[in-house]
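J.: The structure under discussion is supplied below as structure tokens; questions concerning it will follow.
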């Protein structure tokens, strides 16, 4: 089923129409295509420029097509942010798999966090900046955020000792550290090169290891 509209008129182009030839996306293919377009628009033009209409233009579909998958802009933003949290979780797990047990795995998780933020600054800000009440209460986003935090909590549980702080509390402390570092980097407050370091990954290693 095609979600595009024929553009056969000889009149001037409609500014709200797709900016490419209509794409014959099947129903199951359109949602990931819209999310991919939203991600690219987010990184290119920032949060304020992202809208269902802009995503439809980028995907080459009618401006009504995204509403088959997203009720409004908040729903779109929540889906993009959820995708970001799942990618962050998987990035962290991948780095942790290549590290030895214990402290090295915890450090690997933190390094993954900072490098992910540096590589995806607009997405990272969206993930933690929010998009209104509907954004904050979206169940899929909440589940993806919990999955990401569970990676850090799991790493902290490996270091837990009898009588020590609960792993969740220790994980929150570690999260605050790496999140603060990531935020300083993507906002340009801290430039790793000013510290004689090549990039965000080198900075995270220097701080955490």
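J.: Could you work out the pair-distance distribution P(r) of the stretch 73-208 from its alpha-carbon pairs, with 10 angstrom bin width and percents rounded to whole numbers?
T.: Taking every Cα pair in the stretch 73-208, the percentages come to 13, 40, 34, 12, 1.
J.: Here's something else I'd like to know. Treat the count of other C-beta atoms within 10 Å as a stand-in for reagent exposure and order 111, 186 from fewest to most.
T.: Working: 111 25, 186 19.
Fewest-to-most Cβ neighbours within 10 Å comes out as 186, 111.
J.: How would you rank 103, 187, going from fewest to most other Cβ atoms within 10 Å of each one's own Cβ?
T.: Details: 103 14, 187 10.
If I rank by nearby Cβ atoms, fewest first, I get 187, 103.
J.: Can you tell me which of 155-163, 55-63, 168-176 comes out highest on packing, and rank the rest after it, using the mean Cβ neighbours within 10 Å?
T.: 55-63, 168-176, 155-163
J.: If we count other beta carbons within 10 Å of each Cβ, what is the order of 67, 113, fewest first?
T.: Values: 67 14, 113 27.
Ordered from fewest to most neighbouring Cβ atoms within 10 Å, 67, 113 come out as 67, 113.
J.: Give the residues of the stretch 82-108 whose amide nitrogen is closer than 19 Å to a point set 7 Å from the Cα of residue 161 in the direction of its Cβ.
T.: Backbone N within reach: 101-107.
Here, each number is a calculation from the coordinates, and none is a lab measurement. Everything numeric here is computed off the predicted structure, so don't read it as measured data. Using ideal geometry, Cβ is built from the backbone for each residue, glycine included, and neighbour counts are taken over all protein chains shown.
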